[in-house]
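The values are calculated or read from the model by the stated rules, or taken from the named source; none is laboratory data. Worth saying up front: this structure is predicted, and the values here are computed from it rather than measured. Here the Cβ positions follow ideal geometry from the backbone for every residue, glycine too, while neighbour counts run over all protein chains shown. Areas reflect the complete protein model, heavy atoms only, side chains present, ligands, DNA and RNA absent. Shrake-Rupley method; radii C 1.70, N 1.55, O 1.52, S 1.80 Å.
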Amino acid sequence: MTNQDRRVISTGTAPWKSPVALSVFLHLLIVVVALAGWSWTSPVDEPPPRSISARLVTQQQPEPSPVVEPDDQPDRDQERRAEEERKKAEAERRRQEEEARKIAEQKAQEEEARRKAEEERKKQEALAKEQEAAKAREAARQKAEAEAKERERQKAEEERKRQEAERKQAEEEQRRLEEQRKQEEAERRRQEEEARKEAERKRLEAERRLKEQQLEALAEESRKAKEAEARRQQQAAAARAKEAQMLSESEKYQALIRERLSQAWYPPSSATEEMTARLQITLLPTGELASVKLVSSSGNTAFDNSALSAVRSLNRYPIPDDRETFERYFRQFTIEFNPRRLR
């Protein structure tokens, strides 16, 4: 709720019609009525008793004269009138208290309405700030072109706010001239407005710095990603070169191993060109044979045994010096014994 809204909500009653003035007036009226009732009910001077003359008659005992009581009818009328006045004053006091209570209730309702309006304003302001923060986060992810556009938008927004501030300041000055009795309140509101503007300026400056930091972080992250991609490509190229070298080495030493085995193998006379025996060979890093296993028989026991004997006959197998090549291709491998392919 703005300052102007708070002034519009005010009751607009004159100072002498305020609840405080009415309350003071009612209390004074009650005191006056009480003093008047007390003076009316105070006892009045009674008239002196009437003198009675009597005469003594000797011949006859006289009858005693009746004592005449003073007439108290005026006192009762006066008390009755005082009681009526007191009741009227009491009724008037109750009526005025009821009016004061209604005025107080109306003021409380107006205050509650102002409070709800203020809460709604704060809620709207919080929602607006949250939406603005979301827009700022989205703008931070934009490229350099988006940032330039955002700066232009901010300049336009700042110009709008400056014009709005000048308009509000002019309105504030006009209200101050029109309502001189509210000069102190207007000054306080002006200071609050300036503080809000300063806070807004600081917030915008903080958002600008945050955007710059985020853009710098994005640029740094992009640079690191490019460097990592370059390293990955270099490593991949080195790995491919290493793989090609290892494959070339493995083919060379596999040919040497087949040549050695071919020289050490003496197939039986019953062997045919269709017979094939597959053996799994396990070597040590020194090139020595660790184990050999027949994984696929040729169907001829003599043929299979001749292949096993040829594998076991070699004291040391030719292997590459590179340990990784050895582990991949020569730690354990299979070889086929066939009269046509091995020889």
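Values computed for the structure shown
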item	result
Radius 11 Å from Cβ of E336, net charge of other residues (Lys, Arg +1; Asp, Glu -1)	+4
Phi-based couplings in Hz for the stretch 244-251 (Karplus 6.51, -1.76, 1.60; Gly and Pro marked x)	4, 5, 5, 5, 5, 4, 5, 5
Nitroxide proxy distance, nm - points 7 Å out along Cα→Cβ at N300 and Q235	5.2 nm
Only Lys, Arg (+1) and Asp, Glu (-1) charged, at Cβ; the stretch 273-323 dipole about Cα centre in debye	200 debye
Global form of the stretch 76-176, assessed from the alpha-carbon gyration tensor, a/c cut-off 1.5	oblate
Nearby aspartates and glutamates by direct alpha-carbon distance to K293 (threshold 17 angstrom, same-chain neighbours under 8 apart not counted)	D304, E336
Förster radius 51 Å - calculated FRET efficiency between R340 and L218 (Cβ-Cβ, nearest 0.05)	0.20
Linear extension gain, Q263 paired with T282, 0.36 nm per residue minus alpha-carbon span	4.9 nm
Contour excess over end-to-end distance, with Cα ends at E184 and A244 and 0.36 nm allotted per residue	12.7 nm
Heavy-atom accessible surface of the stretch 101-248: percent carbon and sulfur, 1.4 Å	51 percent
Model label zone, E125; criterion: amide N under 17 Å from point 7 Å along Cα-to-beta-carbon; scope the stretch 162-185	165, 168-169
Inter-centroid distance (Cα atoms) of the stretch 185-200 relative to the stretch 280-313, Å	96 Å
Under 17 Å from K102, Cα to Cα: aspartates and glutamates that are on another chain or at least 8 residues apart	E92, E110, E111, E112
Anchor K161: lysines whose Cα lies under 29 Å away (excluding residues fewer than 8 positions away in-chain)	K116, K122, K123, K129, K135, K143, K149, K182, K197, K202, K211
Modelled FRET efficiency - R0 41 Å, E132 with Q174, Cβ distances, 0.05 increments	0.85
Under Karplus coefficients 6.51, -1.76 and 1.60, residue-wise ³J(HN,Hα) of the stretch 114-123 in Hz, glycine/proline x	5, 5, 5, 4, 5, 4, 5, 4, 4, 4
Extension gain, F333 back to E97 (0.36 nm per residue minus Cα-Cα distance, nm)	73.9 nm
FRET efficiency estimate (nearest 0.05) - Cβ-Cβ, A225 to L289, R0 45 angstrom	0.35
Probe 1.4 Å, accessible area per residue of the stretch 210-288, Å²	67 Å²
Apportionment of accessible area to carbon and sulfur, the stretch 266-342, percent (1.4 Å)	44 percent
Karplus (6.51, -1.76, 1.60) ³J(HN,Hα), θ = phi - 60°, over the stretch 192-208, in Hz, Gly and Pro reported as x	4, 5, 5, 4, 5, 5, 5, 5, 5, 4, 5, 5, 5, 5, 5, 5, 4
